[in-house]
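In what follows, a single structure is set out as structure tokens and then discussed.
The values are calculated or read from the model by the stated rules, or taken from the named source; none is laboratory data. Note that this is a predicted model, so its numbers are computed, not measured. Here the Cβ positions follow ideal geometry from the backbone for every residue, glycine too, while neighbour counts run over all protein chains shown. In case anyone asks, the SASA skips ligands and DNA or RNA and just uses the protein heavy atoms, side chains included. Shrake-Rupley method; radii C 1.70, N 1.55, O 1.52, S 1.80 Å.
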Amino acid sequence: MMASGYNAKEEDGHHSGAPGNGGAGAVKSKKPDNTAFKQQRLPAWQPILTAGTVLPAFFVIGLIFIPIGIGLFVTSNNIKEFEIDYTGIEASSPCYNCAQNYSWNSTSSCTCKVPFTLEQPFESNVFMYYGLSNFYQNHRRYVKSRDDSQLNGDLTSLKSPSKECDPYRTSDGLPIAPCGAIANSLFNDTLELYHLSNGTRTAVVLMKKGIAWWTDKNVKFRNPGGNANLTVAFQGTSKPVNWRTPVFELDPNDPDNNGFINEDFIVWMRTAALPTFRKLYRIIQKKVDAPTLASGKYELEVSYNYPVRSFDGRKRVILSTISWMGGKNPFLGIAYITVGSVCFFLAVVLLIIHHKYDNRCSSADIPN
Amino acid sequence: MLCRRLNRWLGGDESRVDSRTIYVGHRPSTTEAFIPPKFCDNRIVSSKYTVWNFLPKNLFEQFRRIANFYFLIIFLVQVIVDTPTSPVTSGLPLFFVITVTAIKQGYEDWLRHKADNEVNKYPVTVLENGRRMGTESEKIKVGDVVEVNEDETFPCDLILLQSTRDDDTCFVTTASLDGESNHKTHYTVPDTEKDLDSLSATIECEQPQPDLYKFVGRMHIYKTDREPEIRSLGPENLLLKGATLKNTQRICGVAVYTGMETKMALNYQGKSQKRSAVEKSINAFLLVYLCILVSKALVCTTLKYVWQSKPGQDEPWYNQKTQREKETNLYLKMFTDFLSFMVLFNFIIPVSMYVTVEMQKFLGSFFITWDRDFYDPEIQEGALVNTSDLNEELGQVEYVFTDKTGTLTQNNMEFIECCIDGFQYKYRDAVSELDGFSATDGPVSKLQEKAGKEREELFLRALCLCHTVQVKEPTGRGQDHTDSMAGVDGMEGCPPPHEQTGFIASSPDEVALVKGAMRYGFTFLGMESKKMKIMNRSNAIETYDLLHVLNFDPVRRRMSVIVRSKSGDALLFCKGADSSIFPRVRQEEVEKIRVHVERNATEGYRTLCVAYKKLSPEEYARADADLQAARLALQDREEKLIAVYNQVEAGMTLIGATAVEDRLQEEAAETMEALQGAGIKVWVLTGDKMETAKSTCYACRLFQRGTELLELTVRTLEDGVRKREERLHDLLLEYHKKAVQDVPPTKPGGSRGWSKPSQDFGFIIDGASLSMVFNSSESSSSHYKNLFLQICQNCTTVLCCRMAPLQKAQIVKMVKCSKGSPITLSIGDGANDVSMILEAHVGIGIKGKEGRQAVRNSDYAIPKLKHLKKLLLGHGHLYYVRIAHLVQYFFYKNLCFILPQFLYQFFCGYSQQPLYDAAYLTMYNICFTSMPILAYSLLEQHICVEVLLDNATLYRSIAKNAMLRWVPFLYWTLLGVFHGLLFFFGVRFLFGNPALQANGQVFGNWSYGTIVFTVLVFTVTFKLALDTRHWTWINHFVIWGSLCFYVIFSFFWGGIIWPFLKQQRLYYVFAHMLSSASAWLVIVLLILLSLLPDILLVVLRKPLGPRARQLSENCHPQTFRLQLLHHYPTNISRKESSGGHEVVEQQEQHQQQEPFRTSFQSGP
């Protein structure tokens, strides 16, 4: 009742318009809304991770991962892979001479033949890769040295390539097509495979289609002015300095594989992630009746054009079958088995801990 | 007090070099060579920018922030130097941040412009040469005579010349200035002519100064035929800009201060920016990350040149340098390489963190405003947030400084009893609402039983006269009023003309006293032209001329009035605190009253003593002359006035004393107990008496029965014959020994809140002793201060009574700056608390009865003290946890974002090749990972609010910045490193054979980056999901939405040949990745493996977690039981009130309970 004398306070609420009073919340004269959001009372799920809930999860993870890991490991082990280093560093190597005598200017290519023996037959499709080591395709200067709009068939970019292509942008005043360091250093060894059986030397049929990503081949890479008459389309451009032939002669026999949409070129243009890498070169189709590559002697004929000695590089050819998970790589299998086992082990440890503590405090989950 | 005076004296020296002279109306013809003095115009400018300078000024302001500047530098480096990422990646976020901030500030400034314009263009009437001219407020010049109508605000500071009221007064409210909504009376300058046209005068007054209650000036009125008359001007003549005219039709006044020189403008200052402790932590972490960044860049640069020195590496045939690169100087190249690396790794310090933190604070503060628990139906208001920067600081408070009156207590005064001549008159108020006055044996009859009738009536007249209360005129000037306002319900049978009056006063004590007197039959009817009318018991109206009011001030702690009764006697009535009255009355009367006063004080009542003095005509004449002279003084008017006051208020006769109860705030005790349970030390800083304050502390359970009180007050200091200084020294040492040295060191910061040290100490100090501690001789001062601080820090509660406002701030500052710089919080409701509210880390205002000044200066304002509990234990705790997690998470997610990019340098010839595409680099912090953490930081309730409120001890678990100390930071950093390593090397091993598709095709570097990035985005989001304890639909939406957005964006980004991009790096990369089983497998594996340690930690901590919680749950009923046990004797003590004795008793009881406590502890 004494308070009644003090009702004169209402007018205080109105003074908030004083200049500069722009605080976060203005004076609210009415009661705040009773919404769940504003009162921070939104219905909420409050999961509590306890040994009880995590234990089964760990067991399940362990039980799933270990079989997957074993499966992966077995799959990876079943993949047959054969690797030949043909760099020609050692004097005994068949390509030693080619490697030693290499010069950029020579017009005739040096050929060397590397014999090898497959102990086991390769059953399904065999994929032929070339591999390079210590080749920094992921060097920044290298990675950015390309012009994707030129490669996409853009005519203005064809005549004036992007500045990123420097120093492989122009040659003798003409724009280079395709410009840039990546294109310039296109892998140009020719690899051929021969099966030696009973004294006969039969060439293994190598498919050069289907080695590049479909989207690259069909969308990202376009010849200027369509695939017809590439010679005209590329008129006024110069070939990359290290190339022997201009871009429109990469595969003169097959207009669908010539120019920018040459699959070898496209594969090369997808820069590798690491300095040691492999790129798909050819595919050997599965035969119906016989193994794709029967066991026995083979010969790899290399026209040795690509110099790697200057930067301590290595060149390899890899023959490999493929599983659903790709090429041979035991890493995934081992990793899955390890993680699965760790989970399983932890689950057991937790079970013991849980059991111990369970006796001490039974009501571990206190509902909030 | 001395300090303040000194300050004013020193500070004011410059500004008072010359007073300003203002010519009113016609300038006097006598003055030759009149130069119109230059004053500023009446424009209020609170805006910062104009249209023209907004852009440069705002940009300048923004780039002064170190973070923005850093990002600007990074951006410029990217523009100038050939860097791996395009300037867009850092430019876009920076642009976004700058734009948003600029828009926000621009909008705020626009509002200010609008407000300014409203004020500046306000139509006013100026009298010029006798004509009334309408003009705009901003055109008012100093010296203009301005006319103001009722309910208008004054456009500038005016000297009141003329009022339409008969008694030459006008009423104003200064609610918007200091919050006091009562009507204040202002007086016209005496004897100015009614005809303002012919007025010719000069006003000489001090230079503008911000103190609202100080003004000294002199007015010379020139008349054609006479010597100029001199009138003194004081604050009662000055109408302040911003105040509103009330109850008065029209006034005229002359402008003395205009525009930015008005007292309102001088008082308006941008509040000092308070920065939270979390921000300091952020800056520290930032420094660490900056070091990491620089060292990463250095390592990479060094290794790059080492690597390049090997033949064939720097420039293989397939990767020639450009001409320009070849020509660049080696050292310059090194430097640009370093910068490039910096740019490449700069995402480790994200722009977006600042945005997110700001947003979190800004949005988060709304939850406080919205909280219905803070809504008080009485004042129809909820909480008010003045700054959003300190939300998390509320969870870190270690010291609470609270005011007593109006904060701990309701400041709702009720007259309890009085004592006249040593006889006690208890006002029966068994059931507070019922008026027991007329029901039981009327005190009127009871009164007559005791002291003589004459004394009684003298006492009641004193109560009726000695005050500054106004009778409320409900509808303004009308005499007719129907408002039923006042509690005069007991006045049956004697209906006075002002039956339904309400009283308005600046202090509620006064109203309580006037109403108390009314109960005993003496009713104050109001004032009419300096005549006070009271109605006595026989319903006769007595009138008294009010001659002088000797105002109340906190130093004198008393006020007096001098009135002349009908019979012509000049009477001085004085009321005030016992300490200030007793020395001024005849000593023989003191003793019998002192008993009552002390008893009342220990019961927690506010006591006032009333004295009177009959002034002989000579005495009065002298006093009158002195007072007039002092009021006219231009210099040191204050001091002179006080001297005269002291002289007049001497040799009085003590009539009696009053006791007014100030009830405790709702749930004050519970709140205080919760705060103490939360490990917060509560200090009560009050201007009140020690006894009253002490009993309030007991009532609030700040002091408990077991608390040993250490007193350092004037009383204890004057115990012996020795000098005070020595005594102070001894006491300090003694207490120090007791409280600091003898106490076994307790483990600090333990969450086991219930195992308190065996002995609680309470420390009591009063203002005088405190100033001795602070101001004692040079050498010992710091030593004393140290001792004092140490004692205080070891006490659970410290009570500082008889504090001046400045001393309150001093104490806060002392604690704030002590070792460990604890976070302080001040809470108060009155203007006297403003200094401590501003000083503390967090200032809280209570929307109480003492006006709004505290609220306006506070960081947060709440309606009631009880809301403090939820504000700290609920909101504060949650906000701290939220923001701490936000900060740690932000650093973590950027560390594991950038670490793979760093590691990639080792595999790409240190060529600054980015691992991720530019779009991913830009979007990572803006889009993919920003929303979940923002939602988390707004909605997370790791423990729900009710549990937090019930278990105050939980507050201790986050004390001392627990979640942002180096250990948790290290944990998060290691986690980030672990994740980064895992992401990178996991994918690295996968790419041992890049033929990852079922058709034998190979993946390139962008696929590598995309796989790492996908793992990254999913892992950091899942990590947050794992930490989220409170999944509302918003969390679900945002977490799953972000992931979906990432996937959709990636498809979209890779699905189109973007015409504006130079390189189509990601064309179908994401889709191809998803078509590879190995990529799926590695993504799942890495996410799971990354989260494994976290899950494990959560689970392993869990067996401890619930146990701790269970214990706290167990301890909760236990403390509750103890509360109950406490409660009973405390109640007794309130009733029995035997002063200090009960403390001992309680102590014994407490010790008896000890076995209970231990048995409870060992129970579960």
In 10 Å bins starting at zero, report the fraction of Cα pairs in chain A per bin as a rounded %.
4, 16, 20, 16, 11, 10, 10, 7, 4, 2, 1, 0, 0
Specify the angular offset, from 0 to 90 degrees and rounded to the nearest 10, of the alpha carbon long axis of helix A:51-78 from the longest principal axis of the alpha carbons in chain A.
0 degrees
Could you report the accessible area of B:Trp966 in Å², rounded to 10, computed with a 1.4 Å probe on the protein chains as they sit in the structure?
140 Å²
May I ask for the Kirkwood hydrodynamic radius of the stretch B:201-342, worked out over all distinct Cα pairs and given in angstroms to one decimal?
23.3 Å
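Using the heavy atoms of the protein chains alone and a 1.4 angstrom probe, what is the accessible area of the stretch A:55-184 per residue in square angstrom?
43 Å²
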If we restrict to alpha carbons, what Rg and Dmax does the stretch A:203-287 come to, in Å?
13.9, 45
Expected sort for B:878-884, B:765-771, B:58-64 on mean C-beta neighbours within 10 Å, highest first, is B:878-884, B:765-771, B:58-64
Could you calculate the FRET efficiency of B:Gln62 with B:Ser782 from 1/(1 + (r/R0)^6), where r is the beta carbon distance between them and R0 is 45 Å, rounded to 0.05?
0.60
What span do the alpha-carbon atoms of the stretch B:111-154 cover on each of the three principal axes, reported in whole Å from largest to smallest?
38, 21, 15
Cβ neighbours within 10 Å from other chains - mean over B:1048-1057
1
Restricting things to alpha carbons, tell me how big the stretch B:568-695 is in terms of Rg and Dmax, in Å.
19.8, 64
On C-alpha positions alone, give me the angle between the axis of helix A:330-360 and the longest principal axis of chain A, in degrees, nearest 10.
20 degrees
Report the accessible area of B:Leu233, computed with a 1.4 Å probe over the heavy atoms of all protein chains in place, in Å² rounded to the nearest 10.
0 Å²
If packing is taken as the average count of other Cβ atoms within 10 Å, what order do A:54-62, B:861-869, A:321-329, A:80-88 fall into, highest mean first?
B:861-869, A:321-329, A:80-88, A:54-62
Would you tell me the accessible area of B:Arg599, worked out with a 1.4 angstrom probe on the heavy atoms of the protein chains, in Å² to the nearest 10?
70 Å²
For B:934-947, mean number of other protein chain Cβ atoms within 10 Å:
2
Quick P(r) readout (the stretch A:235-341; Cα-Cα; 10 Å bins; whole %) gives 9, 28, 34, 21, 7, 2, 0
Averaged over the residues of A:305-315, the number of partner chain Cβ atoms within 10 Å of each residue's own Cβ comes to 3
Counting just the Cα atoms, what span does the stretch B:544-620 cover along each of its three principal axes? Round to the nearest Å and put the largest first.
40, 27, 20
Using only the alpha-carbon atoms, what does the stretch A:68-215 span along each of its principal axes? Please give whole angstrom values in decreasing order.
55, 47, 27
Most fluctuating residue of A:Pro115, A:Pro32, A:Pro43 in a GNM of chain A with Cα springs under 10 Å: which is it?
A:Pro32
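Of B:Lys184/B:Lys614; A:Lys279/A:Lys315; B:Lys304/B:Lys333; A:Lys144/A:Lys239; B:Lys121/B:Lys847, which pairs sit farther than 21 Å apart, going by alpha carbon to alpha carbon? Numbers along the way, then the final one.
Details: B:Lys184/B:Lys614 29 Å; A:Lys279/A:Lys315 11 Å; B:Lys304/B:Lys333 11 Å; A:Lys144/A:Lys239 19 Å; B:Lys121/B:Lys847 32 Å.
Table pairs above 21 Å Cα-Cα are B:Lys184/B:Lys614; B:Lys121/B:Lys847.
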Between A:Asn125 and residues 5 or more places away or on another chain, which pairs have amide H atoms under 5 Å apart, with H built 1.01 Å from N, and which residues are they?
A:Lys286
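State, in square angstrom and to the nearest 100, the accessible area buried between chains B and A, both chains counted, probe radius 1.4 Å.
On the way: alone 53150 and 22100 Å², together 63880 Å².
Counting protein atoms only, the buried area is about 11400 Å².
Using only the Cα atoms of the stretch A:171-314, what semi-axes does the equivalent ellipsoid have when each is the square root of 5 times a gyration tensor eigenvalue? Give whole Å, largest first.
Details: eigenvalues 184, 73, 44 Å².
After scaling each eigenvalue by five and taking roots: 30, 19, 15 Å.
One quarter of the convex hull surface, Cα atoms only: what value does that give for the stretch B:64-153 in nm²?
On the way: hull surface 38.7 nm².
Over all viewing directions, the stretch B:64-153 projects a mean Cα-hull area of 9.7 nm².
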Can you give me the Cα centroid spacing of the stretch B:49-90 and the stretch B:347-383 in angstrom?
28 Å
Per-residue HN-Hα couplings for the stretch B:962-970 [Karplus 6.51, -1.76, 1.60; θ = phi - 60°; Hz; x = Gly/Pro]:
4, 8, 10, 7, 5, 5, x, 5, 5
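Regarding the stretch A:172-251, what whole-number volume in Å³ per residue does the convex hull of its Cα atoms give? Write down the numbers at each step before the final one.
Details: hull volume 10.5 nm³, N = 80.
Hull volume over Cα atoms, normalised by residue count, gives 131 Å³.
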Using a 10 Å cut-off on Cβ atoms, rank the peptides B:814-826, A:67-79 from the highest mean neighbour count down.
B:814-826, A:67-79
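Indicate the gyration tensor shape class of the stretch B:940-1044 (rounded, prolate or oblate), computed on the Cα atoms with a ≥ b ≥ c the square roots of the eigenvalues: a/c under 1.5 is rounded; otherwise a/b larger than b/c is prolate and the rest oblate. Intermediate results must be reported in sequence, preceding the final value.
Working: a/c = 5.14, a/b = 2.11, b/c = 2.43.
Oblate shape, in that a/c is at least 1.5 and b/c is the bigger or equal ratio.
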Under 15 Å from the 7 Å Cα→Cβ point of B:Ala1071, by amide nitrogen: which residues of the stretch A:209-225?
A:213-221
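Counting only protein chains, not ligands or nucleic acids, how are B:Tyr354, B:Tyr222, A:Tyr336 ordered by accessible area (probe 1.4 Å), most first? Write out the running numbers ahead of the final one.
Working: B:Tyr354 45, B:Tyr222 70, A:Tyr336 5 Å².
Of B:Tyr354, B:Tyr222, A:Tyr336, the descending order of accessible area is B:Tyr222, B:Tyr354, A:Tyr336.
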